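Student: Here it is, the structure, as structure tokens.
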Amino acid sequence: MHLPLPDDFHAHLRQGDLMPGYVRDLAAQFGRAIIMPNTVPAMTSAKAIAEYKKEILAAAKDVRPDFEPLMTFKLNPNYTEQDLKDMMAVGVVAGKYYPAGVTTNSADGISDFEGIFPVVAMMEKLGLVLCVHGEEPGEFCLDREPAFIKRVETLAEKFPKLKIVFEHVSSAKSVEAVKKLGPNVAATITVHHLMMTLDDIVGDALRPHHFCKPLPKRPEDRAAIRKAAFSGSPKFFLGTDSAPHQLGKKECPCGAAGVYSAPVALPLLVQEFEKAGHLDKLPDFIAGFGADFYGISRTTKQVEIVKEPWTVPATVNGVVPLAAGETLEWKIKR
Ligand code: NCD
Ligand code: ZN
């Protein structure tokens, strides 16, 4: 079966020695990807982002020479309009809003919501997308995302021309909110939130490789996310939030949040959409609606995927991937 080559509208590639392997895993499945800025140090300047992009392109060269990283910056209240313009000139398409402390490498995130309005207004004017990690600091873990919805609504009202992506929606309430808001608000859906509930992390045994932010929630939340993904609504598209952490950072007393789905994303998506009887909805979800929302042209590239069982390795680049050790039905043909 041929599919359009997917775009990933939310991916983490880290930096340093581990980065090239993660880039190759991502570029093997995707033609373009939004690269998240929560590196250490964070992506906050045109110079750093240009350098990062160059490294990503160099690493992708052997796997997919035409791979396109779509760059992002980490939002803070201090940018000038010129800073934003300089970042756009090196390939930045979006800024990412991390509330302080809610996820991996977000200690330097936002605690003064209104303090970011001036920069957000500049982003609206320049046509930069605002990607939001929608979790309210300090709330009970399962309530953090629902508690953040009011902030997304405020942003959407105050900045009607700003494109806002409610990243990795994990609750029925946020799915509802995104549906109700105008066409300037969309949401990404991950592979793991389509598949998992909290039971898959702590229901029978502790499964640290499934631990991620926002937490997968109740069965009815997963049902709402699946319904949105299969609905054919242009407001919902793929962003894997593939977030590699080395095995030792997950299997330890204070484990890091993040699921590594890049090595298995497309086979799992085909499997889930097929099982649900909605394969016809997959092309727009993986390679249509996201591009439309970001205002970039839809891909003309294709990928072939064949029904051929294969077993997901126990580790990939030192990381335990999603579905490690499981046999999947669909395989990408190279
Ligand atoms: C992500 C990471 O590891 O960078 N972790 C996660 O659990 N999703 C950060 C994020 O997107 O929240
Ligand atoms: Zn993420």
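The values are calculated or read from the model by the stated rules, or taken from the named source; none is laboratory data. Computed from a predicted structure; not experimentally measured. Neighbour counts are summed over all protein chains in view; Cβ atoms, including those assigned to glycine, are modelled from backbone coordinates with ideal geometry.
Student: Which one of the conditions (1) more than 14 Å from ALA323 (Cα to Cα); (2) buried (at least 24 other Cβ atoms within 10 Å of the Cβ); (3) not hydrophobic (A, V, I, L, M, F, W, C) does GLY277 fail to meet, given that it meets all the rest?
Tutor: (2) is the only condition that GLY277 fails.
Student: So, in segment 1-60, of the ones that are without any contact (Cβ under 8 Å) to a residue 60 or more places away in the chain and of a type in the set (Val, Ile, Thr), which residue ends up surrounded by the fewest Cβ atoms within 10 Å (Cβ to Cβ)?
Tutor: Checking each candidate, the answer is THR44.
Student: Out of PRO253, PRO234, PRO214, PRO219, report the one residue that is surrounded by fewer than 21 Cβ atoms within 10 Å (Cβ to Cβ), at pLDDT 95 or above and within 25 Å of LYS163 (Cβ to Cβ).
Tutor: When all the criteria are applied, what remains is PRO234.
Student: Could I ask something else about it? I need a count of the residues in segment 282-296 that are within 29 Å of LYS161 (Cβ to Cβ) and in contact with a helix residue (DSSP H, G or I) (Cβ under 7 Å, 6 or more places away or on another chain).
Tutor: Adding up the residues that qualify gives 2.
Student: Taking ASP199, is it out of contact with any strand residue (DSSP E or B) (no Cβ under 6 Å at 6 or more places or on another chain) and more than 16 Å from SER174 (Cα to Cα)?
Tutor: Yes: the conditions hold for ASP199.
Student: Considering only residues that are under 20 Å from MET195 (Cβ atoms), touching a residue at least 12 places away in the same chain (Cβ under 8 Å) and of a type in the set (A, V, I, L, M), which ones fall in segment 288-315?
Tutor: Residues satisfying the conditions are ILE305, VAL312.
Student: Can you find, within segment 290-299, the residue that is nearest to VAL63 (Cα to Cα) among those that are hydrophobic (A, V, I, L, M, F, W, C) and part of a helix (DSSP H, G or I)?
Tutor: ALA291
Student: Mind checking which residues of segment 76-128 are out of contact with any strand residue (DSSP E or B) (no Cβ under 6 Å at 6 or more places or on another chain) and on the phi > 0 side of the Ramachandran plot?
Tutor: GLY101, ASN105, GLY127
Student: What number of residues within segment 300-333 are of a type in the set (S, T, N, Q) and outside any strand (DSSP E or B)?
Tutor: The number of residues fulfilling the criteria is 3.
Student: If you go through segment 190-207 one residue at a time, how many are polar (S, T, N, Q) and over 13 Å from LEU142 (Cβ atoms)?
Tutor: 1
Student: Suppose we filter segment 260-289 for residues that are under 28 Å from ASN184 (Cα atoms) and not in a helix (DSSP H, G or I); how many remain?
Tutor: Final tally of qualifying residues: 3.
Student: From (1) touching a residue at least 12 places away in the same chain (Cβ under 8 Å); (2) farther than 18 Å from ASP284 by Cβ, pick out the condition that doesn't hold for VAL202.
Tutor: (1) is the only condition that VAL202 fails.
Student: What is the one condition in (1) outside any loop (DSSP other than H, G, I, E, B); (2) surrounded by fewer than 24 Cβ atoms within 10 Å (Cβ to Cβ); (3) of a type outside the set (Val, Ile, Thr) that PRO65 does not satisfy?
Tutor: So the condition that PRO65 fails would be (1).
Student: Taking the conditions exactly as written (within 16 Å of ligand 2 (Cβ to nearest atom) and either outside any loop (DSSP other than H, G, I, E, B) or closer than 17 Å to PHE159 by Cα (or both)), does PHE73 satisfy them or not?
Tutor: Yes, satisfied.
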